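Structure first, then comments.
The values are calculated or read from the model by the stated rules, or taken from the named source; none is laboratory data. Computed from a prediction, not measured in an experiment: that's the story for all the values here. Note: ideal-geometry Cβ built from the backbone for every residue, glycine included; neighbour counts use all protein chains shown. Accessible surface is based on the protein model in full, side chains and every heavy atom, while ligands, DNA and RNA are left aside. Shrake-Rupley method; radii C 1.70, N 1.55, O 1.52, S 1.80 Å.
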Amino acid sequence: MVSYFATCSCLSDRRQFPSFFRTIPSDAFQVRAMLQILRRFGWTWVGLVISDDDYGRHTAQSFQSDLAKSGGGCLAYLEVLPWGHNVAEIQRIVDRMKKSTSRVVTVFAHTSNMLDLMEE
């Protein structure tokens, strides 16, 4: 099987998925790249926004773990984007972002999850 969309690092296990191949980087690669960007610019106090699905939860777990191991920064907050059009929840997230002293927001979410947040 060749996938152009599946990014879950769990699919990289060749013993469990010997015939799975992907045409895009895994979540682990994306997390490492994001951490390199944060280090490059000296951003040490960051917010994290994720989608409410396996992609968001797995990348958040990996991001938090790798951020702690690298000693290169701290997480100001972690927010989970709601599915659907939940105005109250989006407003709560925006308020938290505005109140935070962090000026860097790292996002692991699909574009469709981000539309309401960006509009707000």
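If you go through the range 54-63 one residue at a time, do you hit one that is part of a helix (DSSP H, G or I), of a type in the set (Ser, Thr, Tyr), modelled with pLDDT under 95 and over 21 Å from Met118 (Cα atoms)?
Yes, the range 54-63 has at least one match.
Can you tell me which residue is farthest from the chain's Cα centre (by Cα) among those in the range 17-36 that are modelled with pLDDT of 90 or more and open to solvent by 100 Å² or more (accessible area, probe 1.4 Å)?
That would be Gln36.
If Ser62 meets every condition in (1) open to solvent by 70 Å² or more (accessible area, probe 1.4 Å); (2) within 12 Å of the chain's Cα centre (by Cα) apart from one, which number is that one?
Unmet for Ser62, out of (1) open to solvent by 70 Å² or more (accessible area, probe 1.4 Å); (2) within 12 Å of the chain's Cα centre (by Cα): (1).
Which numbered condition trips up Ala68, out of (1) in contact with a Phe, Trp or Tyr (Cβ under 7 Å, 6 or more places away or on another chain); (2) open to solvent by 70 Å² or more (accessible area, probe 1.4 Å)?
(1)
Across the range 72-114, which residue is modelled with the lowest pLDDT among those that are within 22 Å of Asp27 (Cβ to Cβ) and open to solvent by 70 Å² or more (accessible area, probe 1.4 Å)?
Restricting to residues being within 22 Å of Asp27 (Cβ to Cβ) and open to solvent by 70 Å² or more (accessible area, probe 1.4 Å), the top hit is Ser112.
How many residues does the range 37-52 contain that are free of Cβ contacts under 8 Å to residues at least 12 places away in the same chain and open to solvent by less than 70 Å² (accessible area, probe 1.4 Å)?
So the answer is 1.
Would you be able to say whether some residue in the range 21-35 is out of contact with any Leu (no Cβ under 9 Å at 6 or more places or on another chain) and of a type in the set (Asp, Glu)?
yes
Can you pull out the residues in the range 1-16 that are in a loop (DSSP other than H, G, I, E, B) and open to solvent by less than 60 Å² (accessible area, probe 1.4 Å)?
Across the range 1-16, the qualifying residues are Ala6, Thr7, Cys8, Asp13.
For the range 2-23, which positions are farther than 16 Å from Ser65 by Cβ and either polar (S, T, N, Q) or touching a Ser or Thr at 6+ places or on another chain (Cβ under 6 Å) (or both)?
Ser3, Tyr4, Thr7, Ser12, Gln16, Ser19, Arg22, Thr23
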